[in-house]
Amino acid sequence: MFLIIHFTYALTNILIFFIGKDTMSTNATYMAIAVLLLLYSFTFANANIASTSEMMALATPGNKVIAMAFCGSFYYTGQGLSRLMSSLILGCGILAPEWHVGSVVFCHYQTLFLIYSISIAFAAMLLTIVPAVFPKGKYSYDVQ
């Protein structure tokens, strides 16, 4: 499931990267963005369910609440830092306002989606250390 989630995230980000104001008509652009955001939200929900079940499986049976709080603090710290970094990159003007590949024009927002897609592909390579992908023992998926 984690591999499918990462592939879907990368695919969605790269497709959003290729949607620009000159790519399609306005209504088609809105529809494409709506479908991609729906797919992205569905993938996000699946990722939350998969990561929560993995956290529950890896936590020791008598200490699940503290383990979940510990994992949640890392999850939300990473989420906050990614939002902070995106805001800093856009606010500081580090990215070019627009750049061209042939006749196609890309803006700095689209560049962020390209960076996200590349980062997710890199993170997918790190899934080899996640026990859900390659189990190293027997884990208890009991919610108790």
| request: From Met31, Met56, grab the single residue that is over 21 Å from Leu114 (Cβ atoms), at pLDDT below 85 and not polar (S, T, N, Q). | output: Met56
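State which residue is farthest from Met68 (Cα to Cα) when the search covers only region 106-144 and only residues that are among the β-branched types (Val, Ile, Thr) and at pLDDT 85 or above. First the steps, then the outcome.
Step one: of region 106-144, the residues among the β-branched types (Val, Ile, Thr) are 111, 115, 118, 120, 128-130, 133, 143.
Cutting the leftovers down to at pLDDT 85 or above gives us 111, 115, 118, 120.
On the way: Thr111: 34, Ile115: 30, Ile118: 29, Ile120: 24 Å.
Across region 106-144, the extreme among qualifying residues is Thr111.
For residues that are in a helix (DSSP H, G or I) and aliphatic (A, V, I, L, M), scanning just region 44-63, find the one that is surrounded by the fewest Cβ atoms within 10 Å (Cβ to Cβ). Spell out how you get there, then give the answer.
Kept after step one, since they are in a helix (DSSP H, G or I), are these residues of region 44-63: 44-58, 61-63.
Still in the list and also aliphatic (A, V, I, L, M): 45, 47, 49-50, 55-58.
Working: Ala45: 10, Ala47: 17, Ile49: 12, Ala50: 16, Met55: 17, Met56: 18, Ala57: 16, Leu58: 17.
Among residues in region 44-63 that are in a helix (DSSP H, G or I) and aliphatic (A, V, I, L, M), the one surrounded by the fewest Cβ atoms within 10 Å (Cβ to Cβ) is Ala45.
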| Which one of these does Ile94 not meet: (1) hydrophobic (A, V, I, L, M, F, W, C); (2) in a helix (DSSP H, G or I); (3) surrounded by fewer than 15 Cβ atoms within 10 Å (Cβ to Cβ)? | (2)
| task | Check off (1) assigned to a helix (DSSP H, G or I); (2) modelled with pLDDT under 90; (3) more than 14 Å from the chain's Cα centre (by Cα) for Thr77 and give me the number that stays unchecked. | result | (2)
| task | Filter region 35-50 down to residues that are in contact with a helix residue (DSSP H, G or I) (Cβ under 8 Å, 6 or more places away or on another chain) and among the small types (Gly, Ala, Ser), then give me how many there are. | result | 2
| Restricting to region 82-137, what's the tally of residues that are in contact with a Gly (Cβ under 7 Å, 6 or more places away or on another chain) and under 29 Å from Ala50 (Cβ atoms)? | 1
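Among the residues of region 97-130, which ones are assigned to a loop (DSSP other than H, G, I, E, B) and within 24 Å of Ser82 (Cα to Cα)? Reasoning before the result, please.
Keep residues of region 97-130 that are assigned to a loop (DSSP other than H, G, I, E, B), which gives 97, 102-103, 130.
Pro97, Val130 - these are the residues of region 97-130 that are assigned to a loop (DSSP other than H, G, I, E, B) and within 24 Å of Ser82 (Cα to Cα).
Is it the case that Phe106 is in contact (Cβ under 8 Å) with a residue 24 or more places away in the chain and over 20 Å from Phe7 (Cα atoms)? Quick ask: steps written out before the conclusion?
Details: in contact (Cβ under 8 Å) with a residue 24 or more places away in the chain: yes; over 20 Å from Phe7 (Cα atoms): yes.
Yes, satisfied.
Among the residues of region 32-47, is there at least one that is more than 25 Å from Ala124 (Cα to Cα) and either among the β-branched types (Val, Ile, Thr) or under 13 Å from the mean Cα position of the chain (by Cα) (or both)? Step through it out loud before you land on a result.
The first filter runs over region 32-47 and keeps only residues more than 25 Å from Ala124 (Cα to Cα), leaving 32, 34.
Right, trim to either among the β-branched types (Val, Ile, Thr) or under 13 Å from the mean Cα position of the chain (by Cα) (or both) and you get none.
There is no residue in region 32-47 that is more than 25 Å from Ala124 (Cα to Cα) and either among the β-branched types (Val, Ile, Thr) or under 13 Å from the mean Cα position of the chain (by Cα) (or both).
The values are calculated or read from the model by the stated rules, or taken from the named source; none is laboratory data. Just so it is clear, the structure is predicted and the values come from calculations on it, not from any experiment. Positions of Cβ are generated from backbone atoms using ideal geometry, with glycine treated the same way; all protein chains shown enter the neighbour counts.
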